[in-house]
Every structure is written in structure tokens, then in C-alpha cells.
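*Asks:* Take this structure, written in C-alpha cells, and hold onto it; I'll ask about it next.
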Amino acid sequence: FLILYLVISAAVVTAQRRISVNGTGGFLIAHRKGMEGFVKGHTKGIELTFEKAFTGSASWHGKYRFPSVGLALGFLDPGNPAQLGKAISLTPYMRLPLSSKNDHLSFRFGLGLGILTKSYDQKDNHKNIAIGSAGNASIILGFWYKTPLGKNAAMQTGIQLQHFSNGAFKTPNLGINLPLLSLGVQFGNQKKVQLSEVEIIPESTEPDRAAKYYISPRFGLKELFITGANKYPTYTLHLSRVRRLSNKYSFTCFADVMYNSSLEEEMAYRNIRLPHRADYMQIGAGAGMENHYGNFAVYLQMAAYLYSKQPETGIFYHRLGVKQNVGRSGYVSFGIKSHFATADYLELGCGIKL
């Protein structure tokens with residue numbers, strides 16, 4: 001994601017650069033049973049950001065009211081130094097203004113890398129059932145409001161949720177959720193670009209609204225807490241039908257054939273044994289939306305199992321991830337498959353148009 005941020009930044013011909021420093025405070029949510037003892041004190045920290053405001057070098061900038069792309073470096077004390085230590089995050093993000101007149105109120109979302117200085121250890125930190133590895137994903141979602149203090153400075157405040165998790169790559173992995181309130185100062189040109197002030201770059205082509213079909217093999221790795229540090233590969237064949245609704249959105253419906261090699265071990269632990277290896281396969285189908293930013297997209301999918309012998313997961317599963325188009329006929333993707341708030345595994349895949 002750092003590489004992605006640098007690529008996006010390099011593609012910007014003209015951009016307003018801004019830096020900010022924000023103080024943050026909040027608390028840790030005990031979102032799962034067994035985590036009540038994790039809440040020892042308040043969360044506090046500091047965040048440094050470097051941001052570039054898009055000013056019309058691509059046609060999609062105006063459609064999103066000239067958003068900004070940035071990189072946030074955060075230092076947090078989650079409030080439980082004995083079990084969680086400190087949290088350090090490097091999170092590329094995008095900030096979308098919610099008004100065409102100014103960018104005072106905006107929505108910010110990002111996905112990057114987080115490091116927890118203390119994670120689960122069977123001998124020294126066995127009560128840390130939330131974080132199983134030092135390296136984790138850092139996800140931020142929040143709303144920000146700023147008040148300009150002249151042409152080159154602004155006061156800003158934000159309310160956001162920051163999540164740390166490794167997607168079950170290493171267990172235990174309940175993850176931690178930190179609601180945060182921030183207050184800080186931003187330095188840099190505060191003038192918002194208006195659509196009337198830039199030369200409109202027309203779309204090279206109107207979006208092709210005809211349905212397209214893709215086949216996408218995907219691969220992942222996950223751990224089971226009950227078996228220790230063994231890594232189990234996951235394989236998915238994702239077949240999708242994608243229809244572009246506009247320059248900003250697409251609708252997709254899909255079917256999945258999945259083989260998660262950890263299921264055999266997990267079900268054996270519960271004294272469930274199936275006669276054939278193929279019985280551990282899962283088949284699902286669902287629908288979702290894609291939000292496009294040029295050749296880059298964020299996707300959210302909801303689906304249901306049509307065939308699954310695993311009793312613990314329930315009927316529904318979900319995906320959240322990102323895609324980058326490669327040429328005119330393919331893409332690469334990275335995302336997380338989950339059962340509501342419980343991560344199942346991370347997926348890396350590629351798609352080819354049929």
C-alpha cells in the first residue's frame with residue numbers, strides 16, 4: 001500500500017501539499033467475550049500526516065470533489081502496556097470532501113501496516129488473545145472537520161475508528177478496535193480547488209456498461225489457534241459478472257468455489273470427520289459494489305454459503321478489499337474474507353476477463 005500511495009502521488013501533475021500533527025485519545029472496545037480484561041486505561045497518541053490534494057490531473061478528481069491522498073504515521077498507547085505494548089501504524093489514506101463548496105467536512109479511509117510491540121506469546125503473554133503477531137493491517141475510517149486559520153493553516157478535529165488485525169494469518173486474532181477523537185493543526189495551502197477553476201479533462205471513453213465476466217484464482221494462508229503455528233493454504237476460484245453503473249460505481253454478482261485446508265483440522269478438533277476430501281470444499285454466491293478511483297477500486301461483497309459442512313461459520317460471509325486494473329483485461333486484488341467481524345483469511349488474487 002505504500003507503493004500504491006507512491007504510484008498515485010507520482011501520477012499527480014499538480015497538487016497541494018499539506019502536513020499535519022494531531023493528538024489522539026480514545027479507548028479500546030472489548031468487542032468479544034474474553035477481552036473485558038484488556039481495557040486497562042484510555043488510549044492516547046499522536047499522528048503525523050503528509051497529504052496531497054488532487055487538482056484535476058485526472059478526470060475522476062472532479063467527480064469526487066477533488067479529494068486528497070495521504071500517508072498517516074501514528075503512534076498509539078492502547079492503554080494496556082503489559083499485554084499490547086505500543087502501536088505504530090503507517091496508513092495510506094484517501095480523504096473525500098463531503099461538500100462541493102469546500103473541504104471542511106470530509107470522510108477519510110485508509111488501509112496500511114500496523115505494528116504492535118507486544119503480541120501473543122504462550123509463555124510470557126498468554127492472555128493476549130487479541131493480537132497474534134507484531135505485523136498487522138491498520139484500517140482507519142472516520143470523519144474530519146477543519147477550520148482554516150488563514151491561507152496556509154487550519155485547525156482540525158476528527159472522529160475515527162482504527163482497527164488492527166492480521167486476518168488470521170497468525171492466531172490468536174480477535175483484533176483490536178480503537179475509537180479515537182483527534183485534534184490538530186494542518187499546514188499548507190487551504191484553498192479548495194473548484195470545478196470552474198480547472199481545465200476539465202474529459203473521460204477518454206464513456207464507461208462501458210455492458211456486463212463483463214471474470215475468472216479470478218485467489219490464494220491465502222491462515223492459522224488455527226488450536227494447532228499452534230501451522231500455516232494452512234486457502235484456494236478460491238472466483239467467477240464474477242461485473243456491470244459498470246457509472247464512472248464511480250460498479251455492481252457485481254459472483255460465485256465462489258473455495259477450499260480451506262484448515263477446515264479438516266478444525267472439524268477434527270470438534271470430533272467431526274467427513275469421508276471425502278472434497279466434502280471440505282465450500283461453494284458460495286453473492287453480490288457487491290465496487291467504488292472506482294481511476295484504475296483503482298475498493299470493493300465490498302456479501303455472500304452466502306450454498307454448500308458448506310462447517311457448522312461454526314454460519315450462512316453468510318463477506319469480503320472487503322482493493323483492486324488495481326492491469327491493462328484492459330485483468331486486475332490484481334487483495335482483501336479479507338470474514339464472517340461479520342471475525343476474520344477468516346486474507347486473499348491475494350488476479351482476475352482475467354473472459
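*Asks:* Filter the strands (runs of 3 or more DSSP E) completely within segment 17-106 down to those with at least 3 residues that are open to solvent by 30 Å² or more (accessible area, probe 1.4 Å).
*Replies:* 43-54, 68-77
*Asks:* Inspect segment 311-328 for any residue being touching a helix residue (DSSP H, G or I) at 6+ places or on another chain (Cβ under 7 Å) and either open to solvent by less than 50 Å² (accessible area, probe 1.4 Å) or of a type outside the set (A, V, I, L, M, F, W, C) (or both) and give the result as yes or no.
*Replies:* No, segment 311-328 contains no residue that is touching a helix residue (DSSP H, G or I) at 6+ places or on another chain (Cβ under 7 Å) and either open to solvent by less than 50 Å² (accessible area, probe 1.4 Å) or of a type outside the set (A, V, I, L, M, F, W, C) (or both).
*Asks:* Separate question: Based on what the data block shows, is N136 over 19 Å from S68 (Cα atoms), touching a residue at least 12 places away in the same chain (Cβ under 8 Å) and not in a strand (DSSP E or B)?
*Replies:* Judged against the criteria, N136 is not a match.
*Asks:* Still on this structure, I have one more. Just a yes or no: is a residue in segment 287-308 free of Cβ contacts under 8 Å to residues at least 60 places away in the same chain, loosely packed, with under 15 Cβ neighbours inside 10 Å and at positive phi?
*Replies:* No - not one qualifying residue is present in segment 287-308.
*Asks:* So is A130 small (G, A, S), touching a Pro at 6+ places or on another chain (Cβ under 8 Å) and open to solvent by less than 40 Å² (accessible area, probe 1.4 Å) or not?
*Replies:* Here the answer is yes, as A130 does meet what is asked.
*Asks:* Let me ask something else about it. Read through the list (1) of a type in the set (F, W, Y); (2) at pLDDT 95 or above; (3) surrounded by 15 or more Cβ atoms within 10 Å (Cβ to Cβ), then give the number of the only condition that Y232 fails.
*Replies:* (2)
*Asks:* While we're on this one: Scan segment 180-192 and report the pairs whose first residue is under 20 Å from G26 (Cβ atoms) and whose second residue is outside any strand (DSSP E or B), with Cβ atoms within less than 9 Å and a gap of 6+ or a chain change.
*Replies:* L180/F27; V185/L149
*Asks:* Please specify each residue of segment 210-228 satisfying the condition of being surrounded by fewer than 11 Cβ atoms within 10 Å (Cβ to Cβ) and modelled with pLDDT under 85.
*Replies:* G228
*Asks:* Hey, can you tell me all the residues within segment 273-285 that are open to solvent by 20 Å² or more (accessible area, probe 1.4 Å), among the small types (G, A, S) and within 25 Å of the chain's Cα centre (by Cα)?
*Replies:* A285
*Asks:* So R270 fits all but one of (1) modelled with pLDDT of 95 or more; (2) basic (K, R); (3) loosely packed, with under 14 Cβ neighbours inside 10 Å; what number is the exception?
*Replies:* Here R270 clears every test but (1).
The values are calculated or read from the model by the stated rules, or taken from the named source; none is laboratory data. As the structure is a computational prediction, the values presented were derived from the model and not from experiment. We place every Cβ from the backbone using ideal geometry, glycine too, and count neighbours over all the protein chains shown. Just so you know, the surface numbers come from the protein's heavy atoms only, side chains and all, with ligands and any DNA or RNA stripped out. Shrake-Rupley method; radii C 1.70, N 1.55, O 1.52, S 1.80 Å.
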